[in-house]
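Undergrad: Take this structure, written in structure tokens, and hold onto it; I'll ask about it next.
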Amino acid sequence: MLAIWDGAGSIRLLGLLLQGTITTLQIFLLTLLLSLPLGLVIALGRISTHKWISSPLKLFILIMRGTPLLLQLIFVYFAPSYMLPEGLSFRIPRFTAAIIAFTLNYAAYFAEIYRGGIQSIPRGQYEAAAVLGFTKTQTFLRIILPQVIKRILPPISNEVITLVKDTALVQILGISELFRVAKNESSRIFSTTPLFVAGLFYLFMNWIVTKTFHNAEKKLGYYK
Amino acid sequence: MQILKVENLFKGFDELEVVNGVSFQIQQGEVVGVIGPSGSGKSTLLRCLTLLEKIEHGRIVVAGETMVETSPQGQVVYAPEEKLRKIRLRLGMVFQNFNLFPHFTVLRNITEAPILVGGISPEEAEATALQLLKKIGLQEKATAYPYQLSGGQCQRVAIARAMAMKPDILFFDEPTSALDPELTGEVLKVIRTLAVERMTMMVVTHEMSFAREVADRVIFMDNGQIIEEGPPQQIFENPSNERTRSFLQNYNLSFRA
């Protein structure tokens, strides 16, 4: 514990953790950017009355939510080089593999949140829009989606907070994100302190996430 | 001029026939009241006329344009999408539960469709909307959101929203059934004003005195069929059919109770 209580040690630790934090934030932001729209597309397909669209998506959601994200990371990273026949097999960069696995996993969770939100909008909203002559796309984008977003903000914020912490899983692929950096430093100096400092970093990030969602909810609170 | 012509309309859900061979016509400027017991197919009929439900048999003609017809082989054929879109613009609908858009202000509830669907400039749509709001006595609520309004006010806005599209005919599906009794008056007053202006309307209602006072013609439905139709005096004072008589009698009794 005492080993880092000199100035140089603390500065070195903070520098390392900040570097890890940058990687963590990259994974976090890229995953959000990709999985939020993908989740909406999956939700719309999942709601579809065409079984050939909804059934595969149901299975996809089951698998993504039903198996460990850790395993999915390993699968995406190793599958292209081990499961494809020789000649077709290729290696996928670690970071890319992490983003693909996270995006697919979180899109599945977001899809179910979107679906719940979309299905909670009363039929009457669709009917009123139809009678006024709105097209289906206009109805969805102007009438339904804005109301869905307001309703799903709380469950979405839950997932986003979890995502901040889940980024620690990518260390299984040897990516030096915040937690891995802290763990390595911990072993090097025989102290748990770096891990707890890293914990404060996660807490700070999620404090910002919480505040952001709180503000968004307030902003959409102008109607009921 | 004939605004609506319905011929031998059938609509069922699963095994149940809800509308069972209905035919009638509505002329421009006519106000038609539709009465009848719950489950008699009144609302389903309106939903078929406003394209919210697909019919199973029959023909519907709106202002001379065929919206849907049935081939001699029994195939129901709707007009092509482009034509259907045009026909839909001639039809306005006011729902029992208002169905206002909660995330829009009162003004935007009224202007959204004229701008987006009708292709009218925002300035013009706003001017029309403000006129309509003045007419229903809610100018000062233009910037309010639906949750800030009473049920009666919501329904008046819903009527203005439908009117803003300048429909040829306005359908009302039990417009006062979701309202507290003390709020029905203000909504009926707006409909009455429209009737005086000779707006063509078809009103499904349980307000017998209103139907009697405002309608030019009353249709009594039971079991998905039109049992009797005629001027209000005839239907209410001298119904020729036994079922009409017993329905109106129940009504009078429940009113006294």
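Undergrad: Among the numbered conditions (1) out of contact with any Gly (no Cβ under 6 Å at 6 or more places or on another chain); (2) more than 14 Å from chain B (Cβ to nearest Cβ); (3) in a helix (DSSP H, G or I), tell me where A:PHE110 comes up short.
TA: Here A:PHE110 clears every test but (1).
Undergrad: For the stretch B:163-211, which positions are touching a residue at least 60 places away in the same chain (Cβ under 8 Å) and basic (Lys, Arg)?
TA: B:ARG198
Undergrad: Another question, if that's okay. Examine the stretch B:177-198 for a residue that is part of a strand (DSSP E or B), open to solvent by 20 Å² or more (accessible area, probe 1.4 Å) and within 25 Å of B:LEU9 (Cβ to Cβ), and state whether such a residue exists.
TA: no
Undergrad: Name, by its number, the condition in (1) farther than 21 Å from A:VAL131 by Cα; (2) in a helix (DSSP H, G or I); (3) open to solvent by less than 20 Å² (accessible area, probe 1.4 Å) that does not hold for B:ALA144.
TA: (2)
Undergrad: Within the stretch A:52-67, identify whether any single residue is open to solvent by 60 Å² or more (accessible area, probe 1.4 Å) and of a type in the set (Phe, Trp, Tyr), and answer yes or no.
TA: Yes, the stretch A:52-67 contains at least one residue that is open to solvent by 60 Å² or more (accessible area, probe 1.4 Å) and of a type in the set (Phe, Trp, Tyr).
Undergrad: Here are the criteria: (1) part of a strand (DSSP E or B); (2) touching a residue at least 40 places away in the same chain (Cβ under 8 Å); (3) within 24 Å of B:PHE247 (Cα to Cα). Tell me which single one B:ILE60 does not satisfy.
TA: (3)
Undergrad: Going residue by residue through the stretch B:208-224, is there one that turns out to be out of contact with any Leu (no Cβ under 9 Å at 6 or more places or on another chain), assigned to a helix (DSSP H, G or I) and within 11 Å of B:GLY36 (Cα to Cα)?
TA: Within the stretch B:208-224, none of the residues are out of contact with any Leu (no Cβ under 9 Å at 6 or more places or on another chain), assigned to a helix (DSSP H, G or I) and within 11 Å of B:GLY36 (Cα to Cα).
Undergrad: In addition: (1) on the phi > 0 side of the Ramachandran plot; (2) within 14 Å of chain A (Cβ to nearest Cβ): which one isn't true of B:GLY137, the others all being true?
TA: Failing condition for B:GLY137: (2).
Undergrad: Residues of the stretch A:8-44 being more than 16 Å from A:TYR106 (Cα to Cα) and either open to solvent by less than 50 Å² (accessible area, probe 1.4 Å) or at pLDDT 95 or above (or both), which ones?
TA: Hits for the stretch A:8-44 are A:GLY9, A:SER10, A:LEU13, A:GLY15, A:LEU16, A:LEU17, A:LEU18, A:GLN19, A:GLY20, A:THR21, A:ILE22, A:THR23.
Undergrad: Which residues, taken from the stretch A:97-112, are open to solvent by less than 50 Å² (accessible area, probe 1.4 Å) and among the hydrophobic types (A, V, I, L, M, F, W, C)?
TA: Matches in the stretch A:97-112: A:ALA97, A:ALA98, A:ILE99, A:ALA101, A:PHE102, A:ALA107, A:ALA108, A:PHE110, A:ALA111.
Undergrad: Another one. Could you grab the pairs with beta carbons closer than 6 Å, sequence gap of 6+ or different chains, first residue in the stretch A:73-96 and open to solvent by 80 Å² or more (accessible area, probe 1.4 Å), second one of a type outside the set (Phe, Trp, Tyr)?
TA: Pairs that qualify, where the first residue is open to solvent by 80 Å² or more (accessible area, probe 1.4 Å) and the partner is of a type outside the set (Phe, Trp, Tyr), are A:PHE90/A:PRO80; A:ARG91/A:SER81; A:ARG94/A:LEU173; A:ARG94/A:ILE175.
Undergrad: Yes or no: the stretch B:226-242 includes at least one residue that is of a type in the set (Phe, Trp, Tyr) and under 12 Å from B:VAL32 (Cβ atoms).
TA: Scanning the stretch B:226-242 turns up no residue that is of a type in the set (Phe, Trp, Tyr) and under 12 Å from B:VAL32 (Cβ atoms).
Undergrad: Would you please list the contacts, defined by Cβ atoms under 9 Å and residues six or more apart or on different chains, that run from a residue in the stretch B:98-119 that is on the phi > 0 side of the Ramachandran plot and facing chain A (nearest Cβ under 7 Å) to a residue that is among the acidic types (Asp, Glu) and buried (at least 18 other Cβ atoms within 10 Å of the Cβ)?
TA: B:ASN99/A:GLU127
Undergrad: Every residue in the stretch A:113-127 that is within 8 Å of chain B (Cβ to nearest Cβ), open to solvent by 60 Å² or more (accessible area, probe 1.4 Å) and in a helix (DSSP H, G or I), please.
TA: Answer for the stretch A:113-127, where residues must be within 8 Å of chain B (Cβ to nearest Cβ), open to solvent by 60 Å² or more (accessible area, probe 1.4 Å) and in a helix (DSSP H, G or I): there is none.
Undergrad: Additional query: Could you go through the stretch A:128-145 and let me know if any residue there is more than 8 Å from chain B (Cβ to nearest Cβ), under 29 Å from A:LEU30 (Cβ atoms) and open to solvent by less than 20 Å² (accessible area, probe 1.4 Å).
TA: yes
Undergrad: Taking the condition among the aliphatic types (A, V, I, L, M), touching a residue at least 60 places away in the same chain (Cβ under 8 Å), over 30 Å from B:ASN109 (Cβ atoms) and more than 8 Å from every other protein chain (Cβ to nearest Cβ), does A:LEU173 pass?
TA: When the stated conditions are applied, A:LEU173 passes them.
Undergrad: On to the next question. Among (1) part of a loop (DSSP other than H, G, I, E, B); (2) open to solvent by 40 Å² or more (accessible area, probe 1.4 Å); (3) in contact (Cβ under 8 Å) with a residue 12 or more places away in the chain, where does A:PRO154 come up short?
TA: All conditions pass for A:PRO154, except number (1).
Undergrad: Could you say whether any residue in the stretch A:188-207 is open to solvent by 40 Å² or more (accessible area, probe 1.4 Å), touching a residue at least 60 places away in the same chain (Cβ under 8 Å) and not in a helix (DSSP H, G or I)?
TA: Within the stretch A:188-207 (the criterion being open to solvent by 40 Å² or more (accessible area, probe 1.4 Å), touching a residue at least 60 places away in the same chain (Cβ under 8 Å) and not in a helix (DSSP H, G or I)), the answer is yes, since at least one residue qualifies.
Undergrad: May I pose another question? So A:ILE149 clears everything in (1) free of Cβ contacts under 8 Å to residues at least 24 places away in the same chain; (2) surrounded by fewer than 16 Cβ atoms within 10 Å (Cβ to Cβ); (3) under 25 Å from A:ILE208 (Cβ atoms) except one condition, right? Which one?
TA: (1)
Undergrad: Is the stretch B:27-46 home to any residue that is outside any strand (DSSP E or B) and β-branched (Val, Ile, Thr)?
TA: Yes - at least one qualifying residue is present in the stretch B:27-46.
The values are calculated or read from the model by the stated rules, or taken from the named source; none is laboratory data. Because the structure is predicted, anything quoted here is derived from the model rather than measured. Cβ coordinates were reconstructed from backbone atoms using ideal geometry, including for glycine residues, and neighbour counts include every protein chain displayed. To get the accessible areas, we keep the full protein, side chains included, count just its heavy atoms, and leave off ligands, DNA and RNA. Shrake-Rupley method; radii C 1.70, N 1.55, O 1.52, S 1.80 Å.
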